[in-house]
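Note sheet for the following structure.
The values are calculated or read from the model by the stated rules, or taken from the named source; none is laboratory data. Model, not experiment: these values are computed from the prediction. Don't worry about glycine lacking a Cβ; one is built from the backbone with ideal geometry, like all the others, and counts go over all protein chains shown. All accessible areas refer to the heavy atoms of the entire protein, side chains included, with ligands and DNA or RNA removed. Shrake-Rupley method; radii C 1.70, N 1.55, O 1.52, S 1.80 Å.
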Amino acid sequence: MTSPGRTEHLVLHGVLTAGQAARTVAGIAAAQRPDGAVPWFDGGHLDPWDHVEAAMALDAAGEHARAAAAYAWLARVQNADGSWYAAYDYADGAEGSPKDRGREANFCAYVAVGVWHHYLSTGDEAFLDAMWPHLSAAIEFVLALQLPGGEIAWKRDDDGSFPHEALLTGCSSVYHALRCALAVAETREDPQPDWELATGRLRHAIVHHPERFLAKPHSMDWYYPVLGTALRGDAARARVQEGWDRFVVPGLGVRCVEPNPWVTGAESAELALALWAIGESDRAVRLLTDIQHLRADDGMYWTGYVFEDDAVWPEERTTWTAGALLLAVAALGGDEATTAVFGGDRLPLGLDDPAESCC
C-alpha cells in the first residue's frame, strides 16, 4: 500500500524540516494496519475520530492511497445503524475486534470532515459517491441524538439508550462535521434540509447556551468552538484570549486539564490550527515550536509531558498527536484542502431556527 508522498508544504521553520516531516508521515504510515486501520500506535486500539485525523494527515502529505484505505476500513466495519464503536482492539491477535461498544456522536460524525478533506485533496468523485451512503448513515445516527435545545447527546450505549447530556467539545466537532457533510451533499446536488436545520440549531446552542453542556475543566472546551468553526471573528479572538493564561504554559504547550501540570501535543497542535483559522499565525507557529520537546527520535510525538515531574506521560507516541501537528503545519503552509476544511469560510452554515430568534 504505497503512494507518492509530498512534504514540501509541511516545512515550517523551527518546527519541521522536509526530512523531519517525512519521518513523521512515515511513522503514521508504519502504524497503519494492512486492513487500512490506523490505531493509536502499533499494538494499540483505534477510535474512529483519531483514525480519521490520521487519515487527513496522510492526505495532507500526499499519501492518498493510504488515506483512501483508511476510509475503506470505515466503510467495511460501519454498524447497520450508521455508527461505529468507540474503540477497536489492535493488540496482537485482536484483529480489530470491538473493545468499547458505546457509540459516540462526535466519533461517528467526524467521517464527514475526513471525506470532504480527501475529496478536496484528490478530486476523486468516485470516492465521494462510494462514501456517501456511509457518511449519510453516520449523520442520521448522530442527528437522532439531537436534544430539544439543539445540542447533541454525546453517545448511545450498546443497549440503545443514551444519556441526555451533551459535551461542548464533542458538539463543536459535530458542528464542523455537519458543515462538511452539507458541503458533500451540495457537491452531489443532494439537498439535505433536515441537516441544515439541525446544523443551525446546534450552532445556536454552542454560541448562546453554554448552560446546555456539561462543564469540564478541559482545554478542549475552551478552544473547540473556534476549531469547530462555530466561533469566528471578534468572538473567537475574545474566547482565545479569555482562556490563554489558564491553559497555555509558555515554552511547553497547552495543558490538557486545568490545573494539572500536564501539557499535551495534540491539544497544542489543535489550538495552533484554531489560531491560524482566526488569523493569528504568529502565535500558532510559536505554539508548534514550543511542543517540539515532545518529538521522539523516530519522528513521532509523545502524547504529553508532566512538567512538574520532568516526565513524559503516558509513554505513548500516538498517530493522532502526529496527525494533529501535521494538519496544523499544512494549514500554515497553505495546503488547499486543509485550509478549506479548517478555515470554514466556504462551508455551508446551515439554517437558523426561527424558534430560536427570541434568544
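Please identify the pairs in which a residue from the range 240-262 that is in contact (Cβ under 8 Å) with a residue 24 or more places away in the chain and more than 14 Å from D221 (Cβ to Cβ) has its Cβ atom under 6 Å from the Cβ atom of a residue that is of a type outside the set (D, E) and in a helix (DSSP H, G or I), counting only partners at least 6 apart or on another chain.
G253/S268; G253/I291
For the condition farther than 21 Å from L16 by Cα, of a type in the set (A, V, I, L, M, F, W, C) and surrounded by 14 or more Cβ atoms within 10 Å (Cβ to Cβ), what is the one hit in A284, A311, A340, A328?
That would be A340, the only listed residue that is farther than 21 Å from L16 by Cα, of a type in the set (A, V, I, L, M, F, W, C) and surrounded by 14 or more Cβ atoms within 10 Å (Cβ to Cβ).
Can you spot a residue in the range 74-92 that is touching a Pro at 6+ places or on another chain (Cβ under 9 Å), open to solvent by less than 30 Å² (accessible area, probe 1.4 Å), part of a loop (DSSP other than H, G, I, E, B) and within 16 Å of Q32 (Cα to Cα)?
yes
Could you check R179 against (1) under 23 Å from A37 (Cα atoms); (2) touching a residue at least 60 places away in the same chain (Cβ under 8 Å) and say which number it fails?
Exception for R179: condition (1).
With out of contact with any Pro (no Cβ under 9 Å at 6 or more places or on another chain), among the acidic types (D, E), open to solvent by 30 Å² or more (accessible area, probe 1.4 Å) and closer than 28 Å to S136 by Cα as the only criterion, which of D42, D35 stands out?
Exactly one residue qualifies, and that residue is D35.
Could you please give the count of residues in the range 1-32 that are surrounded by 16 or more Cβ atoms within 10 Å (Cβ to Cβ), part of a helix (DSSP H, G or I) and either in contact with a helix residue (DSSP H, G or I) (Cβ under 9 Å, 6 or more places away or on another chain) or of a type in the set (S, T, N, Q) (or both)?
Residues flagged as surrounded by 16 or more Cβ atoms within 10 Å (Cβ to Cβ), part of a helix (DSSP H, G or I) and either in contact with a helix residue (DSSP H, G or I) (Cβ under 9 Å, 6 or more places away or on another chain) or of a type in the set (S, T, N, Q) (or both) within the range 1-32 amount to 11.
Only one residue in S136, S161 is of a type in the set (S, T, N, Q), outside any helix (DSSP H, G or I) and over 18 Å from the mean Cα position of the chain (by Cα), so which one is that?
Answer to the selection: S161.
How many of the residues making up the range 114-133 are over 19 Å from the mean Cα position of the chain (by Cα) and open to solvent by less than 10 Å² (accessible area, probe 1.4 Å)?
Residues in the range 114-133 being over 19 Å from the mean Cα position of the chain (by Cα) and open to solvent by less than 10 Å² (accessible area, probe 1.4 Å): 1 in total.
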